[in-house]
Amino acid sequence: MDVFERVICGIDGTPESDIALSRALQASSPETRLILAHAFLITPIGETGFVLGDQWVPEEAEAREVLERAKTWAVATGTIDATRVETRVIPGPKAWGLLKAAQETSATLLCVGSHGRSRFGGAIRGSVASNALHSAGCSVLIGRDPNGDATDAFASFPRTIVCGVDGSTESARAAAAAHELCERKACDVSYIAAEDGLGVSFAEASKAAPIPGDLRIEAGGPLDVLLAQSRSADLLVVGSRGLGGSRAIGSLSERVAHEAACSVLVVRG
């Protein structure tokens with residue numbers, strides 16, 4: 001299954017969500033179905049004195065306006081037909097709403113922007129990216145652009161892909177996704193294994209599930225190697241072992257996704 005078969009993208013009107021949408025669009029295939037989702041919190045009744053219905057209408061209308069602007073822009077890029085884009089308004093916390101929508105739509109990919117929070121701070125404060133990495137049942141794309149420009153990011157993504165492999169089934173899935181994206185976008189992809197840290201040797205990394213390209217072994221621990229590679233790549237692709245909750249805080253894929261300089265695709269089975 002193509003990771004980009006059913007993509008749900010969190011939209012909230014911020015530059016970060018614009019970049020996430022541009023990343024999702026540029027990496028998508030002609031068959032991609034795109035769901036634009038906006039989750040919002042309703043102001044507590046005690047703060048305004050209004051009844052729930054009076055608060056719902058303007059906030060829902062604003063959410064739909066944000067989504068329609070995003071849809072119009074997405075279709076105007078020429079990468080996706082309007083018939084393949086849908087919008088969803090979800091009352092509730094952003095992270096909870098996106099995870100709920102991803103589950104309901106059987107999404108293969110959840111795409112969100114990065115607001116630059118640390119992985120521990122993000123987990124504590126409930127950032128959308130942290131919650132997606134911790135709890136999403138599908139693959140996750142964290143969209144970034146060093147220049148903070150969605151238009152520029154859209155025009156040049158992805159030119160170079162780095163895929164981290166370690167001989168595991170999870171990293172083989174990541175390699176397959178990187179290869180498929182590379183074939184579709186005619187870009188460069190490098191398959192990298194770290195020599196230290198997890199004890200991965202050239203033989204171990206190359207004899208596991210086949211890597212669809214040349215494998216390069218870099219000295220150092222997996223995290224340091226991948227973060228160094230992220231400084232010169234457009235997209236970093238890693239596998240995930242599906243850890244959730246507190247166990248995910250120590251996972252390599254979760255740490256890479258938060259700390260990388262470029263966009264990160266975490267591939268889940």
Review point. If we scan region 190-197, do we find a residue that is under 16 Å from the mean Cα position of the chain (by Cα) and modelled with pLDDT of 90 or more?
Key: no
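Given the condition in contact with a Leu (Cβ under 7 Å, 6 or more places away or on another chain), modelled with pLDDT of 90 or more and of a type outside the set (Val, Ile, Thr), answer yes or no: does some residue in region 140-149 qualify? Working first, answer last.
Taking region 140-149 and keeping what is in contact with a Leu (Cβ under 7 Å, 6 or more places away or on another chain), we get 140-141.
From what is left, the residues that are modelled with pLDDT of 90 or more are 140-141.
Keeping just the survivors that are of a type outside the set (Val, Ile, Thr) gives 141.
Within region 140-149, one or more residues are in contact with a Leu (Cβ under 7 Å, 6 or more places away or on another chain), modelled with pLDDT of 90 or more and of a type outside the set (Val, Ile, Thr).
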Exercise for review: Filter the strands (runs of 3 or more DSSP E) completely within region 202-269 down to those with at least 1 residues that are modelled with pLDDT of 90 or more and under 15 Å from ALA177 (Cβ atoms).
Suggested key: 235-239, 263-267
Exercise for review: Return only the number of the condition from (1) modelled with pLDDT under 85; (2) of a type in the set (S, T, N, Q); (3) more than 19 Å from HIS38 (Cβ to Cβ) that SER127 does not satisfy.
Suggested key: (3)
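Specify which of the listed residues (ALA20, ALA63) is crowded, with 19+ Cβ neighbours inside 10 Å, out of contact with any Phe, Trp or Tyr (no Cβ under 7 Å at 6 or more places or on another chain), at pLDDT 85 or above and closer than 22 Å to ALA102 by Cβ.
Only one candidate qualifies: ALA20.
Which residues, counting only those in region 177-197, are in a loop (DSSP other than H, G, I, E, B), within 22 Å of ILE217 (Cα to Cα) and either hydrophobic (A, V, I, L, M, F, W, C) or not assigned by TED's automatic domain parsing to the domain that holds GLU218 (or both)? Walk me through it before giving the result.
Within region 177-197, the first condition is being in a loop (DSSP other than H, G, I, E, B), and the residues that meet it are 186-187, 195-197.
Imposing the further condition that a residue be within 22 Å of ILE217 (Cα to Cα) reduces the set to 187, 195-197.
The one that is in a loop (DSSP other than H, G, I, E, B), within 22 Å of ILE217 (Cα to Cα) and either hydrophobic (A, V, I, L, M, F, W, C) or not assigned by TED's automatic domain parsing to the domain that holds GLU218 (or both): CYS187.
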Point to revise | Residues located in region 156-173, provided they are polar (S, T, N, Q) and in a strand (DSSP E or B) | key: THR160
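The values are calculated or read from the model by the stated rules, or taken from the named source; none is laboratory data. Because the structure is a prediction, the values reported are computed rather than measured. Note that each Cβ is placed from the backbone with ideal geometry, even for glycine, and that neighbours are counted across all protein chains shown.
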